[in-house]
Amino acid sequence: LLPANGISGTKKRQSITTVLKWSSAPVGIPTELDETLEAGIAKASMFFKIGKPFQIAYLLTFVKHWKAIPSAEQDRLLNDPWAFKRFIEDVPVGSAHAQRELLLHLVHPETFEPIMAREHKQKIVAAFSSLLDPSIKDVDQQLAQIRAQLARQYGEGFHFYDDRIKVRWLAKTEPIDQSGRTAVTAAQAGLSGTEQMRLALQAMVANGGVASSQQIYTSVEAEMRGQALSKQGRDTLRSLVSREAVNKGYVEPYDEERPGWHINDTGKNWLEMSSVTVDDDVDDAEESGEPDLSLLPRSLGDSLRPYITLATHLSEEGYTSAEIRDLLVKVVPPIAPGVTPPEPSRLVDELMRLRLLEPLDDGRYRRWPHLADATPELLLKYAALTLLVPAGEDVYTLPAQSAPFTGLPHPPDRWPLGESLLRWYEEGGLIQRNADGTWQSLPDALEPLDDPRPTAQAINTFLANLRQARSSPSDLPALSDAPLRVLPPAVLEERIAEIQRELLIDRETILRIYRSLIAGHHVILSGPPGTGKTHLARILPGILWRDDQETMRLTLPNDPALAPTESPLEDPLHREGYLVEVVTATEDWGVRHVIGGIAPKIQRNERGRTLVYSVAHGCLT
């Protein structure tokens, strides 16, 4: 936990002390280490946080290797950073690559960068490849060479995550995996997975210890600044409760005889503690040293126009962030009267999220060339449409892609970010407020402009891409309770071969199983232990019946460093076949466990308690 930034010292001590208490002899955190727990050298990634077993296992393995070499060799490695790197590269790393990168910096901080992500090191090297000696191949030696070159421009001791430098190498937003896509709705509201779980458990407590999925959704949506959970967001939250909360022992497994999720004492204790401690999953902007970015730019006030006015004054070929802030102060009459000038990096970030600034290779910024005419009214529409909002670390969403520009009235909570963004859409001439409090888009909101000026043409390009993205599928086709698909012969053979690459099962056996399932029959696998029966049962439905074709969803590039006129990106979606549920029978099983039967239960209502009978399904039905 020493190198992890973004986790409070209190939370770190709590985790460490929990483990130390397992010792039969008294043991505590050494004073010199306790003091450093408040700091950190790199922002802990999500995998680093949830993968503590991998990080600890690697450290233990490293120590075993270290203690196996003579003390003279240890001294040599502590004085030669590159020899030390060669030594730890021979230690099996497993899934703890981030821990290995951090260990390099902890032992030799003057040589190795405080970066835990290998892919970030590669991105930096790729971005500044022109500064490198082609004969140098080691990525850390390449970083050292880049640092020596950039120090002339940014000064000694600069950080590669400095906003001026980061924008030069992080040229493309990291891809979002399927789980990230499904959680993005809640992430827009700043809700981490653990926060969602906390709200779900609160919903159970508020309802007497039990809550339905709908009550849990409602509880989370109430914290989401007027947003409604998407279908994917609901699926993610249900999975969060059914898997994470059950696995952690916070709630009881779902029981058909007692519909709903039931919180237990462990969950109540965790809920009580989570309300007073800093959460591992919540990034602390002050601790991590990163700017606290709100969803909408706010450093120039609640209106969009001051940003547009400032952009019209950016007529030179390049500005530093400090020069842009100074320009804001010098313009008369004041651009944002009564507003304290913001930090330069924050102001630049907001202008980039409004798609008004282009980052240059030398660390400066300029107004995008396609905004050369700098017409205020056109810029208002352009910025309102193309605005990006944060949805996680280096991940942004485009509200215009999901906003209901249908020409029909919608309540504020149907629009992304609610009233706050609606005011900006109104400034941009996109929507109007109705007398009943609803909002609706104007007839020409997404229509191309008959205007030859550069800004108008940039808007038209963006609108054409936006219409294309909005008309593409937003999700996979709905599932239906249909018979299993008969696979084309070529597809069937290919997938049988895939199963055989993992298990030594002959083709005819797999075909017999496939044909029986297609015919609607049950299949029993029998054989000695260790022949792969359970493994085959787990992987066969997923491999055979995964989607034949991908559903192609189009998304617009959501990177503030890229122009909003860039073409849409293809985002392929597909299902991985069927999920297998495994249950283990015991000697006391009967028909009710397998097939089901009539079961009595007590039903509580306003008249008291009533004995009722209902069908309880078994694991097979």
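Just the protein heavy atoms count here, and of the accessible area of the chain at 1.4 Å, carbon and sulfur take up 54 percent.
Largest first, the residues GLU581, GLU38, GLU73 sort by 1.4 Å accessible area into GLU581, GLU38, GLU73. For GLY596, the residues whose modelled amide H falls within less than 5 Å of its own, excluding neighbours fewer than 5 places apart on the same chain, are GLY618. Ordered from largest to smallest accessible area (heavy atoms of protein chains, 1.4 Å probe), the residues VAL332, VAL389 come out as VAL332, VAL389.
With respect to the cross-link table entries LYS43/LYS67; LYS85/LYS121; LYS21/LYS49; LYS85/LYS137; LYS11/LYS43; LYS21/LYS85, which display a Cα-Cα separation exceeding 26 Å?
Details: LYS43/LYS67 30 Å; LYS85/LYS121 15 Å; LYS21/LYS49 21 Å; LYS85/LYS137 14 Å; LYS11/LYS43 15 Å; LYS21/LYS85 34 Å.
Too far apart for the 26 Å limit: LYS43/LYS67; LYS21/LYS85.
Quick one: if the Förster radius is 51 Å, what FRET efficiency do THR218 and SER526 give, using the C-beta to C-beta distance and rounding to 0.05? In this case the efficiency is close to 0.60. Based on every Cα atom in the chain, Rg and the maximum pairwise Cα distance Dmax equal 28.9, 86 Å. Long hydrophobic helices in the chain: none of the complete DSSP H runs spans 24 Å or more by Cα along its own axis with mean Kyte-Doolittle hydropathy of at least 0.0. For the chain, the 222 nm mean residue ellipticity estimated from helices alone, with every DSSP H stretch of n ≥ 4 adding -39500 (n - 2.57) and the total spread over all residues, rounds to -13000 deg cm²/dmol.
Between the stretch 577-593 and the stretch 413-433, the C-alpha centres lie 52 angstrom from each other.
The listed residues ARG453, ARG546, once ranked by accessible area (1.4 Å probe) with the largest placed first, stand as ARG453, ARG546. With the whole protein complex present, HIS97 retains an accessible surface near 50 Å², based on a 1.4 Å probe.
Ignoring lysines fewer than eight residues from LYS268 along the same chain, the ones with Cα atoms less than 18 angstrom from its Cα are LYS248.
Over the stretch 373-523, with the other protein chains present, what is the accessible area per residue in square angstrom, probe 1.4 angstrom? Provide the component values of the computation, followed by the final result.
Details: 7600 Å² over 151 residues.
Solvent-accessible surface per residue comes out at 50 Å².
The values are calculated or read from the model by the stated rules, or taken from the named source; none is laboratory data. Keep in mind that what you see is a predicted model, and the values were worked out from it rather than measured. Positions of Cβ are backbone-derived with ideal geometry, glycine not excepted, and every protein chain shown enters the neighbour counts. Protein only, heavy atoms only, side chains kept; ligands, DNA and RNA dropped before computing areas. Shrake-Rupley method; radii C 1.70, N 1.55, O 1.52, S 1.80 Å.
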